[in-house]
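Scroll down for the structure; my scribbles are underneath it.
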Amino acid sequence: MTKGFNYILNSKITALLGCCIFFALLLASCENTQEELNALSKKRIAVEEAKFIESYLSQGGKMKARLTAPVMNRYQTDSPYIEFPNSLHVDFFNDSLKVESQLNAKYGRYRETEQRVFLRDSVVVFNLKKDTLKSQELWWDQNKEIFYTDKDVEIHQPDKIIYGKGLEADQSFNWYLIKQITGQVQVPKGGFGPAIATDSTGVTGPDSTGISGADTIKVSRPGNLPSRPATPVGKKQDSLKIN
């Protein structure tokens, strides 16, 4: 009786060990490295690549913009998007098909279903009036034909530079609204001259300021805003809209 019990017990243990080895081998054969999993994931996303592309945007039967880029990648996902990883340039036209404004950025991503473009890294927009917008991030809404951002912005004009946070503007850059003014620098006539400084002996010479002795920099409130006490910390300053 004892011998029979031991035989049955040994048979069950042998069968159990066999099952464990079988499943271990099965798991080992199914296990993939992280690199293999990443490669498999990439294969599942269809990517269309094009180089030296030129694309046109029409609205209401009128040509509105022309986009050029050295590389364009189109990703076929649940929410398809187009990526411009190596910079892009856009010309915006008026009704006479003359260029009104231009845009440059080092990176862009177009969300096809939303018809919005996210622009990042050295974003610059300028118009024929020599107004130039600079920001690190900017959204371009093609339906509304506007730019907007909640990041820091700079507006460079021939006579001044305006600093702010948050902006909305039309894509032709004929008007813009700065949500919060943080400063303004008056540009001297003729621009900033060669750097001149005075040392302890009273002798003038070059320094690192980039401003000549005859030039001055004035930081002030925009001329079209009324003078008033400084805004308390934590409260937004006046917005500025330029037409």
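Here, each number is a calculation from the coordinates, and none is a lab measurement. These numbers were taken from a predicted model, which means no experiment stands behind them. Reconstructed Cβ throughout: ideal geometry from the backbone, glycine too, with neighbour counts over all protein chains shown.
Overall, the anisotropy analysis places segment 43-186 in the prolate class: the square-rooted eigenvalues a ≥ b ≥ c of its C-alpha gyration tensor yield a/c not less than 1.5, with a/b exceeding b/c. Mean sequence separation of contacting Cα pairs (under 8 Å, at least six apart), scaled by the length of segment 120-195, corresponds to a relative contact order of 23 percent.
Ranked by how many other Cβ atoms sit within 10 Å of their own Cβ, fewest first, the residues S55, S96, S172, S101 fall in the order S96, S55, S172, S101. Taking other C-beta atoms within 10 Å as the exposure proxy, I178, I146 rank I146, I178 from fewest upward. Stretched out straight at 0.36 nm per residue, the stretch from Q76 to L128 would grow longer than its current Cα-Cα span by 14.9 nm. Counting 0.36 nm for each residue step from V99 to Q142 and taking away their Cα separation leaves a gain of 13.8 nm. Each residue, K62 and K151, gets one label point 7 Å from its Cα in the Cβ direction; the gap between the two is 3.0 nm. The amide H of A65, built 1.01 Å from its N in the peptide plane, has L57, F93 as neighbours under 5 Å, considering only residues 5 or more places off or on other chains. The dipole here belongs to segment 43-186: it is taken about the Cα centre, uses +1 on the Cβ of Lys and Arg and -1 on the Cβ of Asp and Glu, and is about 160 debye. If R0 is taken as 35 Å, the Cβ-Cβ distance between V185 and N86 corresponds to a FRET efficiency of 0.60.
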